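A quick write-up on the structure given underneath.
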Ligand code: DLL
């Protein structure tokens, strides 16, 4: 049973671009008329919605930043009357007030559509029993996935996050075939399940639908090898809709962006200029069908690339490279720019390590120190001191040769690094406190 919406991923690109232009123009008009923030921003830049003649003209319009959502907290960017807003979500944010986002009934339909297309990309259907372990509540993950799962007709178990023991029980007893959660939580769950005598391999679980945080290809390989499931990457952000902005398909060669709703651009983070085809840079999205809170050129801080070639699966919609890091996750250690994902790749390439790590930054005598704490398997963490030393040396040599950085590598016992229920915390920066 496939709804017509499935076909939306296979449109001819000329027709798609025409639809994008019409929708984009309507969105620019809508925000210019209804949202004082945008009227002011457009006026200051000297642009009018009618200046959009071609899709490329979008580059003339101003960006929207996370700060703009904070400054207009809570409902200042809404373009629908409050009575038409049927739901709000919020992202917690690390500092200060949350970002609040709103949806009309039509937006909720759009969201369930893009999530249904996500699950179709991954091959989830009525035969599946899906454990949805993304958090339900203000976080967009739980409810976002829930509506899409119902729409593709599978049996959905609305578990929400946490309560690992119960997750394991349900997974076994209900014959779960697919799970939605963060990759880091799945690692925790798999470990706990094995300890409880129910290794994932012995369950019916076939697919993991992972997102909400950066994870590397090495991490995917580790998860698949350790549990026998197929791991898919799904991407999204509250400001744009929640999950449902893009998704891996079964070819796993980039995430399909549902660009009939979200128009992507790649820009240079420093200059704001739009980058050339296929170049890496910051992802920027313009929502072109949202009603309650459309955003124009929203700067995600996520780093990616776009690929407009047709995918092996036949989909014609653009693919984005997996987001392995955010520009604001960048650590500057002794002047060297470094992302947690780059360290993750080095750690997981080495044999004997576990996918649980923490990067600790401190400062002594005006110099930064980086400590890499990584768990090693029980076999490695033995009294075979030589092997431990070899592994330590291998990791620190890779860090030195790739980044010119001397890092302290601490191999720690399995289970000693704090596990996350939602998004993992990979960096502990103790330098700011000085
Ligand atoms: O994390 C929405 C979501 C829920 C996506 C469930 C996928 C699955 P926020 O809490 O607003 O929304 O966080 C958005 O998380 O800008 C990225 O930095 C990061 N992120 C989300 N998905 C991925 C992914 C949800 N697949 C922020 N890979 C985004 C890397 C991701 N980073």
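Below is a table of values for the structure above.
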quantity: Of all residues in the stretch 226-244 being closer than 20 Å to residue 193 by Cβ and at pLDDT 95 or above, the one that is farthest from the ligand (Cβ to nearest atom); calculated: 228
quantity: Members of the stretch 80-103 that are in contact with a helix residue (DSSP H, G or I) (Cβ under 6 Å, 6 or more places away or on another chain) and either closer than 14 Å to residue 242 by Cβ or buried (at least 21 other Cβ atoms within 10 Å of the Cβ) (or both); calculated: 89, 99
quantity: Flag if residue 314 is more than 14 Å from the ligand (Cβ to nearest atom), surrounded by fewer than 16 Cβ atoms within 10 Å (Cβ to Cβ), outside the structural domain of residue 86 (by TED's automatic domain parsing) and over 25 Å from residue 240 (Cα atoms); calculated: no
quantity: Single match in 75, 37, 63 (criterion: outside the structural domain of residue 423 (by TED's automatic domain parsing) and in contact with a strand residue (DSSP E or B) (Cβ under 6 Å, 6 or more places away or on another chain)); calculated: 63
quantity: Selection from the stretch 215-243 of residues that are buried (at least 20 other Cβ atoms within 10 Å of the Cβ) and part of a strand (DSSP E or B); calculated: 231, 232, 233, 234, 235, 236, 237, 242, 243
quantity: Residue under evaluation residue 307, criteria (1) under 20 Å from the mean Cα position of the chain (by Cα); (2) away from the ligand (no atom under 16 Å from the Cβ); (3) crowded, with 20+ Cβ neighbours inside 10 Å; (4) assigned by TED's automatic domain parsing to the domain that holds residue 241, criterion not met; calculated: (3)
quantity: Conditions (1) in contact with a strand residue (DSSP E or B) (Cβ under 9 Å, 6 or more places away or on another chain); (2) in contact (Cβ under 8 Å) with a residue 24 or more places away in the chain; (3) more than 12 Å from the ligand (Cβ to nearest atom): number failed by residue 298; calculated: (3)
quantity: Residue in the stretch 2-19 that is crowded, with 16+ Cβ neighbours inside 10 Å, over 30 Å from residue 124 (Cβ atoms) and either touching a residue at least 12 places away in the same chain (Cβ under 8 Å) or assigned by TED's automatic domain parsing to the domain that holds residue 257 (or both) present; calculated: no
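The values are calculated or read from the model by the stated rules, or taken from the named source; none is laboratory data. Keep in mind the model is a prediction, meaning the values are calculated, not measured. A quick note on method: Cβ atoms are made from the backbone with ideal geometry, for glycine too, and the neighbour counts reach across all protein chains shown.
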